[in-house]
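Below is one structure, written out as structure tokens; the observations come after it.
Only the coordinates and a few stated rules stand behind these numbers; no lab work does. It should be emphasised that the depicted structure is a prediction, and the values quoted were computed from it without experimental measurement. Note that we place each Cβ from the backbone using ideal geometry, even for glycine, and neighbour counts take in every protein chain shown.
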Amino acid sequence: MVENIQIFQEYDAILARQRGREMAKQLGFSLVDQTRIAISISELARNILIYAGEGEVEIRMIESSGHKTGLEIRASDKGPGISDLEMALTDGYTSSGGLGMGLPGTKRLMDDFEIRSDVGKGTSITIRKWLSS
Amino acid sequence: MSASLDELKHLLDNQDEIMDAWMHRLEDEGNEWLEHMSIAQLRQKSQVFLQEISELILTGNVDYKVEDRPVLEAQLKGFTTDAAHFGMGATAFYPYVTSLKYILIHKLIEQLSSAPDQLPAAFSDMYKVLTRPYEYFISSYIAMRERIIYSQSRAIAELSTPVIQIWNDVVAMPLIGEIDTSRAKEIMENLLNAILETKATYVLLDITGVPIVDTGVAESLIKTVEAARLLGAQCVLTGIRPEVAQTLVMLGVDLGSIVTKADFRNGLAYILEMMETSSSRAFVSKTNQSS
Ligand SMILES: Nc1ncnc2c1ncn2[C@@H]1O[C@H](COP(=O)(O)OP(=O)(O)O)[C@@H](O)[C@H]1O
Ligand SMILES: [Mg+2]
């Protein structure tokens with residue numbers, strides 16, 4: 001189960017989070033976890049639109065070596081990148097007059113959060129949520 | 001399929017013959033495309049398709065991706081747009097491809113009569129090659145329909161950010177559906193206009209029908225509430241579902257500056273209570289003054 005959604009406009013961000021929620025539901029995630037996943041996707045996809053203009057979100061079902069099932073989301077763009085990751089992950093930091101809670105909040109909502117960013121090249125963020133058995 | 005390759009090549013070199021047979025068959029079957037275009041037009045549209053398909057079968061490239069074949073992809077996008085435009089269904093492509101399959105099956109049987117053991121492999125290759133365009137058609141058709149549905153629901157949403165006056169001094173705004181940036185702006189504008197018009201001092205903002213509240217939506221709610229306050233109206237936010245509330249807390253979004261109540265009824269009860277206290281306070285201060 002893999003979904004790849006190109007993010008060009010707000011509609012795509014909405015579509016991505018709806019798909020994420022559907023997939024989470026299919027995998028048996030609780031309502032709260034479905035909501036966490038949908039909101040995290042929404043945060044990453046909206047960031048792509050605001051800061052990079054366009055990019056993509058890939059949502060896939062994954063399995064760990066310990067046979068745990070989860071959902072992995074990769075949001076990537078070829079935008080300006082982030083020069084200071086620590087700052088970007090600080091509660092309340094924003095360069096666009098937003099709430100500045102998207103990245104740090106997503107990190108709290110998910111089990112895994114990995115971010116790679118090269119200035120001038122782009123940003124790729126991978127997040128995971130595991131199904132607790 | 002190497003042994004049969006020459007035979008296949010021969011078969012597919014004869015594209016005009018296949019095309020003739022295919023078009024003939026589509027006519028006989030009364031294919032839906034022909035309700036919207038002439039056979040000559042359909043033939044022209046099918047030319048590229050047949051060429052691409054033949055090339056894929058010949059090169060044995062059965063595991064290709066439509067996305068890696070720009071010519072084929074463009075062609076299929078054209079079919080999708082046409083189908084949506086003509087109001088044809090998601091399955092419109094199926095009889096069209098099936099018809100070609102039928103022609104190819106017969107040609108293959110004819111062609112490989114000397115080497116029938118090659119047939120299963122040749123069939124399977126042909127099926128595989130023809131399946132991808134069909135899958136692509138369906139998914140891009142659905143994506144297109146989703147886009148249409150979305151823009152329609154956006155249009156409805158524009159009509160449906162209603163502000164209802166439910167009491168003297170009290171207006172309510174029940175929000176339903178996804179909130180994006182442009183909708184957030186409309187909500188704010190509609191509400192502020194209504195406050196000015198009705199001189200309302202209380203606003204019930206109900207988000208029971210809003211599926212997702214991310215930091216963007218939360219921010220626009222906070223801004224709306226603050227703007228209303230500047231106009232002298234107090235907002236009460238109702239209908240935050242428990243899982244949304246829980247997620248917002250974890251996100252670190254602070255709605256602490258906004259009065260929230262579980263549902264619309266509780267919100268209204270709260271407002272009526274506030275109105276009563278403030279009017280009795282006004283009454284008390286009046287009696288104090290007069291004494
Ligand atoms: N995809 C991205 N490309 C470039 N910069 C980004 C990207 N995502 C986030 N940022 C930077 O990180 C900051 C924090 O992001 P976030 O926590 O979502 O808060 P907000 O979007 O409200 O500013 C942003 O203000 C922006 O400077
Ligand atoms: Mg953000």
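Structural remarks
- Chain B - charge dipole about Cα centre, Lys and Arg +1 at Cβ, Asp and Glu -1, debye rounded to 20: 1440 debye
- Around A:Gln34: net Lys/Arg minus Asp/Glu count, Cβ-Cβ under 13 Å: +4
- Derived scalar couplings between HN and Hα for the range B:97-111 equal 6, 4, 4, 5, 4, 4, 4, 5, 4, 5, 5, 5, 4, 4, 5 Hz in order, rounded to whole Hz, by the Karplus curve 6.51 cos²θ - 1.76 cosθ + 1.60 (θ = phi - 60°), x for Gly and Pro.
- Computed over the protein assembly as shown, the per-residue total of -39500 (n - 2.57) for DSSP H runs of n ≥ 4 gives a 222 nm mean residue ellipticity of -19000 deg cm²/dmol, rounded to 500.
- If the convex hull is drawn through the Cα atoms of the range B:73-146, its volume per residue in Å³: 77 Å³
- Antiparallel DSSP beta bridges within the protein assembly as shown, as percent of all bridges there, nearest 5: 70 percent
- Environment charge at A:Lys121 (Cβ cut-off 12 Å; Lys +1, Arg +1, Asp -1, Glu -1): 0
- Base-10 log of normalised Debye intensity for the range B:7-115 (one unit scatterer per alpha-carbon) at q = 0.12, 0.14, 0.21 Å⁻¹: -0.43, -0.59, -1.26
- Whichever aspartates and glutamates have a C-alpha closer than 15 Å to that of B:Lys107, once near sequence neighbours (fewer than 8 apart) are set aside: B:Asp6, B:Glu7, B:Asp13, B:Asp16, B:Glu17, B:Asp20, B:Asp125
- Exposure proxy for A:Asp77, B:Asp63, A:Asp112, B:Asp169: other Cβ atoms within 10 Å of each Cβ, ordered fewest to most, give B:Asp63, A:Asp112, B:Asp169, A:Asp77.
- Here the protein assembly as shown has an Rg and Dmax of 29.2, 118 Å, counting Cα atoms alone.
- Each principal axis of the Cα cloud of the range B:164-290 was evaluated for its coordinate range; sorted largest first, these ranges are 52, 29, 22 Å.
- Cα Rg over Rh - chain B, Kirkwood: 1.31
- Taking the range A:11-133 as the region of interest, the number of lysine pairs whose Cα atoms are within less than 30 Å, with members eight or more places apart or on different chains, is 11.
- For the range B:99-123 and the range A:84-125, distance of Cα centres in Å: 57 Å
- Reach of B:Lys77 by Cα under 23 Å, taken over lysines that are not fewer than 8 positions away in the same chain: B:Lys45, B:Lys65, B:Lys101, B:Lys128
- If you bin all the Cα-Cα distances of chain A at 5 Å, starting from zero, the percentages per bin are 2, 11, 22, 24, 20, 12, 6, 2, 0.
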